[in-house]
Amino acid sequence: PLVDPAKGGIMQGEMVNGQIQNAYYAFTAPDGRKMLIFSLEWEPRPQVVTWANQIAAEPQYSGYTAVLLTHNYLQADNTRSTTTDVAGDASGQTLWDNLVKTNSNFQMVFNGHFGGDGVGNLASTDNAGNKVEQMFFNSQFEGFGGDGWIRIVEFLNDGKTVRVRTYSPFFNLYQI
């Protein structure tokens, strides 16, 4: 991997060696939970979804909190996308049906890209009956290409609660 886990790195692997557009990361969060993060390309190709499924289904990751980071997933109207630029690539709905809801370790999905008011949220139940939170955030249409707005996701010590805040280091402000 590009960042050797034996030397303290969290990247566990990439689909294509040396290319990080499809990669996964594992680490222990400060609250003690084991995290498995997938970062997948714009509209994942079928082989990318197959690869991510193989990793997510590995027994060693069954107790991990899995999170998917991708681009084309949830829209500002709180629905998953159903179209792609390239036929056969995965829309948000395809990712939900063929990756997220079929692996009980996924608890969250985050994406950007779409316009509208720049935010969206959806909670859905996977095949195992677990709730999966899905969040869209995109501030690129604000001034200066986004005014530096970022989402901060904080896992609280109770092991159940996640606090999400929006902050701009450009303005040194939190949105309410």
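Listed here are the residues, each with its yes/no results for (1) within 16 Å of the chain's Cα centre (by Cα); (2) small (Gly, Ala, Ser).
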| site | (1), (2) |
| --- | --- |
| Phe27 | yes, no |
| Pro46 | no, no |
| Pro59 | no, no |
| Tyr64 | yes, no |
| Asp85 | no, no |
| Ser104 | yes, yes |
Problem - Selection status of Arg33, within 18 Å of Asn111 (Cα to Cα) and of a type in the set (Lys, Arg) - result: no
Completion exercise
Result of the Cβ filter at 7 Å on the stretch 107-130, keeping first residues that are farther than 18 Å from Thr83 by Cα and partners that are open to solvent by 60 Å² or more (accessible area, probe 1.4 Å) and of a type in the set (Val, Ile, Thr), at least 6 apart or interchain, is Asn127/Thr102
Handout entry: Selected residue (only one of Gly146, Gly159 is within 26 Å of Phe27 (Cβ to Cβ) and of a type outside the set (D, E, K, R))
Key = Gly159
Fill in the blank from the handout: Considering the stretch 126-172, residues that are open to solvent by 90 Å² or more (accessible area, probe 1.4 Å) and assigned to a strand (DSSP E or B), and then whichever is nearest to Phe106 (Cα to Cα), we arrive at Lys131
Problem - Unique match (being open to solvent by 70 Å² or more (accessible area, probe 1.4 Å) and assigned to a helix (DSSP H, G or I)) among Gln54, Gln21 - result: Gln54
Exercise for the section: Among the numbered conditions (1) closer than 25 Å to Gly159 by Cβ; (2) outside any helix (DSSP H, G or I), tell me where Val86 comes up short. Expected result: (1)
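The values are calculated or read from the model by the stated rules, or taken from the named source; none is laboratory data. Just so it is clear, the structure is predicted and the values come from calculations on it, not from any experiment. Positions of Cβ are generated from backbone atoms using ideal geometry, with glycine treated the same way; all protein chains shown enter the neighbour counts. Note: accessible area is taken over every heavy atom of the protein model, side chains too, but ligands, DNA and RNA are not part of it. Shrake-Rupley method; radii C 1.70, N 1.55, O 1.52, S 1.80 Å.
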